[in-house]
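To start, the structure itself, in structure tokens.
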Amino acid sequence: MYAQMVKSTGQGVKPREEMSEEERHFQDRVDAGEKIEPKDWMPEGYRKTLIRQIAQHAHSEVVGQLPEGNWITRAPTLERKAILLAKVQDEAGHGLYLYCAAETLGVSRDDLTEALLSGKMKYSSIFNYPTLNWADIGAVGWLVDGAAIMNQVPLQRTSFGPYSRAMIRICKEESFHQRQGYDIMMKMAQGTPEQKRMAQEAINRFWYPSLMMFGPSDKDSVHSAQSMAWKIKINTNDELRQKFVDQTVPQAEYLGLTVPDPDLKWNEETGHYDFSEPDWAEFYEVLKGNGPCNTERLEARRKAWEDGAWVRDGLMAHAEKRAARTAAQ
Ligand SMILES: [Fe+2]
Ligand SMILES: [Fe+2]
């Protein structure tokens, strides 16, 4: 089963006989389910792939605060406002756990932030879509956090210790995020005809971008096989996407909403839903920077980084002063 998945990605894993002794020992530890810790020996490719993956994940958590943060002041009730505020704060915390995990691999948070701001590093494309009304906040929690959980639950078992431990903490909070989103959708779907229409439009807008969150189809996905051998990727993109569809369709039915895919249907033989692929041309356009909100999102991050410069400078000056004092003693 595993060999088959690796084969289907079309990417080669370094054959055992070509590995150095260190690489072999490392792979044995990974295969045995041991955690790799920051000071352990690791292949350079493992380190680099992990930095890219963890940082991209951290950036997504932080940028992901923007489409929801802009609804905090407009939440319909005090209770909804408090819930949304807590969720958005959680996302900031997720970003921090993950930046810390990336830092154990020998990069600084400043470097990672600069790579984000210069466009060298990416964040999840989903956050380049706008949230136009309150129902979109429900759809984001239900579908976007729902897709994130699908991705993140297996990563709790990832081979790199700090990443795995960060994911365990994050997953606990993500299920609350999804529940609050579904709860908003439920209220809207059972509300006035106008509210129900808003809920339907929100699922229409967020369905395909949510499916894109799992990344390109396995046949077009690079890096996969090696990442799976290293256990920094546990399932393939298509497996996770299928799981998400299978879980979400009955939830949409329960809400009385229609998934915007005329070809969606239960397949008795496979025991899964058949569904339409998202528009991958759109995905690559958004990835290139041409989504509806790319410029706005990066501008917001740049402004936050610049506005926070005095705090960082102050902290550094304080740390230097303290170090000088300790050295003098
Ligand atoms: Fe999160
Ligand atoms: Fe979340």
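A short reminder: the numbers here are calculations on the coordinates, not readings from a lab. Because the structure is a prediction, the values reported are computed rather than measured. Ideal geometry is used to build each Cβ from the backbone, glycine not excepted, and the neighbour counts take in all protein chains shown.
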Which of TYR284, TYR163, TYR129 has the fewest Cβ neighbours within 10 Å, and the rest in rising order
TYR284, TYR129, TYR163
Selected from GLY33, GLY256, GLY308 as most flexible by GNM, with the chain as the system and alpha-carbon contacts under 10 Å:
GLY308
If R0 = 25 Å, then VAL13 and GLN156, at their Cβ-Cβ distance, give a FRET efficiency to the nearest 0.05 of 0.65
List the residues, sorted by chain then number, that are 5 or more residues from ILE36 or on another chain and whose placed amide H is less than 5 Å from its amide H.
PHE160, GLY161
Extended-chain gain in nm, criterion 0.36 nm per residue less alpha-carbon gap, CYS171 and ALA32
47.6 nm
Rounded to the nearest 0.05, what FRET efficiency do ASP246 and SER20 have when you use their Cβ-Cβ distance and R0 = 51 Å?
0.75
Separation in nanometres of the label points that stand 7 Å from Cα toward Cβ, at ASP110 and THR326
1.9
Which residue, SER108, SER217, SER175, has the most motion in a Gaussian network model of the chain that connects Cα atoms within less than 10 Å?
SER108
Prolate/oblate/rounded label for the chain (Cα gyration tensor, a/c 1.5)
oblate
If a/c stays under 1.5 just call it rounded; otherwise compare a/b with b/c (prolate if a/b is bigger, oblate if not). Do that for the stretch 70-181, with a ≥ b ≥ c from the square roots of the Cα gyration tensor eigenvalues.
prolate
Any of LYS219/LYS265; LYS48/LYS231; LYS120/LYS288; LYS48/LYS120; LYS48/LYS122 with alpha carbons more than 18 Å apart? Name them for me.
LYS219/LYS265
Just subtract the alpha-carbon distance of ASN70 and ALA82 from 0.36 nm times their residue separation and send over the number in nm, one decimal.
2.9 nm
Most exposed first by the Cβ proxy, i.e. fewest other Cβ within 10 Å, how do TYR254, TYR97 rank?
TYR254, TYR97
